[in-house]
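Structure record follows, encoded as structure tokens.
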């Protein structure tokens with residue numbers, strides 16, 4: 001009986017992971033036919049549809065009224081991040097290119113942090129945020145223009161308010177500092193949607209990490225993007241930069 005239950009949970013996990021992977025990649029509701037094609041398990045279309053219905057009933061998936069495909073809910077993303085996200089390693093060529101950016105010249109502190117925010121946003125195509133402990137109301141943000149290009153925000157009438165709210169939150173640095181300076185549960189922490197407790201950006205996710213310079217200064221680096229972000233890519237990039245910044249100064 002226990003092994004049968006484990007098998008059922010494994011099937012549900014596989015279906016949920018595929019659904020969210022596909023949605024992150026395509027920003028389109030994911031059909032049962034697509035899931036069946038991607039699934040490594042030998043499941044009938046009827047079984048896939050039943051599992052999708054169960055996942056929807058449990059609150060991990062939902063579906064737009066105009067589509068039979070499923071999209072993740074915030075609870076679905078949280079389960080995905082907690083159970084399926086694995087830190088990938090940046091390619092050596094990418095690491096070399098990043099180091100070259102810093103080796104071209106000697107940086108003062110503020111220039112270094114500005115440079116870091118730019119390189120981070122260029123690497124992830126999301127908005128980057130860099131802070132220094134003790135530097136009140138001082139933030140370095142890069143890639144704010146990427147917000148306008150998120151595929152999630154292409155309905156002008158519906159989404160223009162979301163975009164304005166996100167940009168306003170980035171300008172109100174005190175509120176943003178409160179969010180990124182919370183105690184981290186892990187080396188890299190992920191806040192999804194309403195978990196940020198900031199209504200202006202509750203349609204986004206924030207991935208946060210600490211860094212520390214050799215001479216003692218420390219702070220946070222973060223990536224702000226849509227809930228449908230490439231978490232594997234963002235986590236690996238932040239992990240690399242957390243160590244790299246400390247090596248530079």
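The values are calculated or read from the model by the stated rules, or taken from the named source; none is laboratory data. All of these numbers come straight from a predicted model, not from anything done at the bench. Please note: Cβ atoms are built from the backbone with ideal geometry, for glycine as well, and neighbour counts cover all protein chains shown.
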Those residues of segment 168-190 which are in contact with a helix residue (DSSP H, G or I) (Cβ under 7 Å, 6 or more places away or on another chain) and outside any helix (DSSP H, G or I) amount to 188, 190
Scanning segment 191-204 residue by residue, the ones that are out of contact with any strand residue (DSSP E or B) (no Cβ under 8 Å at 6 or more places or on another chain) and part of a loop (DSSP other than H, G, I, E, B) total 3
Only one of 93, 68 is modelled with pLDDT under 85 and under 28 Å from residue 188 (Cβ atoms), namely 93
Of those in segment 29-43 that are out of contact with any helix residue (DSSP H, G or I) (no Cβ under 8 Å at 6 or more places or on another chain) and in a loop (DSSP other than H, G, I, E, B), the residue farthest from residue 14 (Cα to Cα) is 31
Conditions (1) assigned to a helix (DSSP H, G or I); (2) crowded, with 17+ Cβ neighbours inside 10 Å -> residue 71 fails only (1)
Note: among 32, 131, just one is in contact (Cβ under 8 Å) with a residue 40 or more places away in the chain, surrounded by 13 or more Cβ atoms within 10 Å (Cβ to Cβ) and within 29 Å of residue 203 (Cα to Cα), namely 131
Residue 198 vs (1) modelled with pLDDT of 90 or more; (2) in contact with a helix residue (DSSP H, G or I) (Cβ under 9 Å, 6 or more places away or on another chain): all pass except (1)
